[in-house]
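Input: a single structure, listed below in structure tokens.
FYI, it's all coordinate maths here, none of it is from the lab. Computed from a prediction, not measured in an experiment: that's the story for all the values here. Neighbour counts run over all protein chains shown; Cβ positions are idealised from the backbone, glycine included.
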Amino acid sequence: MEKVITRNFGKANSHRLEVYLQNKGYEAARRAITQMTPVQVIDEIKKSNLRGLGGAGFPTGNKWGFIPKANPKPKYLVINGDEGEPGTFKDRYILEQDPHALLEGIIVTCYAIGSHKAYVYIRGEYVKSLQTLQGVVDEAYKQGFLGKGIMGTTFDIDVVVHPGAGAYICGEETALLESLEGKKGFPRLKPPFPAVAGLFGCPTVINNVETVTCVPPIILNGAEWFAKLGSGKNGGNRIFCVSGHVNKPGIYELPNGTTLREIIYEHAGGIPNGRKLKAVIPGGISAPVLTADEIDVKMDFDSLKAIGSMAGSGGIIVMDETTDMVWAAMIVARFFAQESCGQCTPCREGSGWVYRNIKKLYHGTARPHDLANLPGIVNNIGGNTICAFGDAVMMSVGSYVSKFRSEFEHKIKERVCQI
């Protein structure tokens, strides 16, 4: 299978400029700036079927096209490298092993949307990623790939590396903008959308690290080539992060549309010790859990949506038959309760209520009404908040209760903790 995103992974000093230049590095940026118009670049990305690989799966070219051309304000590109979704660790590898691929994607993206300044927002815990990228940015400035008149052209671009402070909610694009502006990471009401009023009130495109890293290969090899790598309206490859009960946890670059069964049993080596599969989280813990009978699904945005889950950030967490699903739900609920920003009452109060109810169930102190109340609580959170955090609580925790209800009922009946 042809590697696109991880093509330079594993090479000695893969983060250095001289290594990146050995494999057509920065040729895509040069081609875009000197041979294509911004409209042509956007059209190429649209035809490639590249979708946002941070979670939402929105068509990338369409998002770029929303930037109003007549707006006199400065335009910004913001790269979301917060990567706070549990089970997800792909952007870290890109930032540390092939950061010049991200920088080249930033250059092409900025040219396409008419921006001359980009911010890369990276979660503060990613110390090595921050240090590596800052070193690479400094190197790119010295060699003329960033700054004034890059690569001998008339195009100017500046890139700022900005560390976050470890808040999960700052992975939501408007909360990220608030944090980048020096304010508390509270999601914004939309509209206006960032394409109209984003960073500092100016038109802004927000893409995640993996998405922008896919841009240079599309410009070099063509939209049709990239689209054919994937499945349907999900173009290209993506990185899947596999963890949990598998023999070979790690990251795997595979075409969009690869089945979940293939990822678990062929690439990740199957379940250890001959145990049976019980459940899988397909796209980070915000994604509704799947049972062992649902793993023949294609791992793309449309196929997973059709069965009531989502591809999300590509974080696959595998659980074998020894997993107590009430315990798993409690861990997920605890995370959401801790990470709610507290701006919206249904989420602030409801997420804590959900966690406390499941905690009682797990420890054998719950009554039947505690389980009976759970669906109503989660449903009153979803759809009643400014951002999608409340929806994640509803969909994720709700899926454990609905698909493994017998285990929850067993906790009430036996009134014991069995893990």
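Some points to look at:
- About the Cα centre, charge dipole magnitude for the chain (Lys/Arg +1, Asp/Glu -1 at Cβ), debye: 420 debye
- Projected onto its three principal axes, the C-alpha set of the chain covers 73, 45, 36 Å, listed from the longest axis down.
- Think of the chain as a dipole: +1 on every Lys or Arg Cβ, -1 on every Asp or Glu Cβ, centred on the Cα centre; then among A333, Y26, G350, G350 lies furthest on the positive end.
- Shape analysis of the stretch 39-95 based on the Cα gyration tensor places the equivalent ellipsoid semi-axes at 25, 15, 10 Å, largest first.
- Dipole magnitude of the stretch 17-229 about its Cα centre (Cβ charges: Lys, Arg +1; Asp, Glu -1), debye to nearest 20: 600 debye
- Taking each of K278/K305; K3/K46; K90/K148 in turn, the alpha-carbon distance tops 24 angstrom for K90/K148.
- Gaussian network model of the chain, springs between alpha carbon atoms under 10 Å - residue of D300, D98, D156 with greatest fluctuation: D156
- In the stretch 209-315, trypsin sites (Lys or Arg not before Pro) in a DSSP loop with at most 11 other beta-carbon atoms within 10 Å: K276
- Residue-count net charge about A140 - beta-carbon cut-off 14 Å; Lys, Arg +1, Asp, Glu -1: -3
- Amide H within-cut-off set for K278, under 5 Å, with H built and near neighbours excluded: M319, D320, E321
- Under a model in which nothing but the beta-carbon of Lys, Arg (+1) and Asp, Glu (-1) is charged, the stretch 225-314 shows a dipole of about 100 debye around its Cα centre.
- Taking other Cβ atoms within 10 Å as a rough exposure proxy, L133, L199, L189 sort from fewest to most as L189, L199, L133.
- Choice from G81, G312, G342 showing the highest fluctuation, given a GNM over the chain with Cα pairs closer than 10 Å: G342
- Computed extension gain for H369 through K11, at 0.36 nm per residue and net of the alpha carbon distance, reaches 123.1 nm.
- Taking the fewest neighbouring Cβ atoms within 10 Å as the starting point, the ordered list for S303, S48, S340 is S303, S340, S48.
- Residues whose placed amide H lies under 5 Å from that of H116, excluding near-sequence neighbours: K75
- Alpha-carbon Debye profile of the stretch 58-183, log10 I(q)/I(0) at 0.11, 0.15, 0.19 Å⁻¹: -0.39, -0.73, -1.15
- The order of F155, F145, going from fewest to most other C-beta atoms within 10 Å of their C-beta, is F155, F145.
- The stretch between K233 and T37, if pulled fully straight at 0.36 nm per residue, gains 68.1 nm over its current Cα-Cα span.
- Positive contributions from Lys and Arg (+1) and negative ones from Asp and Glu (-1), summed over other residues with Cβ under 12 Å from the Cβ of K190, come out at -1.
- The stretch 305-419: C-alpha gyration tensor shape, a/c 1.5 cut-off, then a/b vs b/c: oblate
- Within straight-line cross-link reach of K190, lysines at Cα separation under 21 Å, skipping those fewer than 8 residues along the same chain: K63, K69, K73, K75
- Cut-off 13 Å between beta-carbons: net charge of the residues surrounding R7, Lys and Arg +1, Asp and Glu -1: -1
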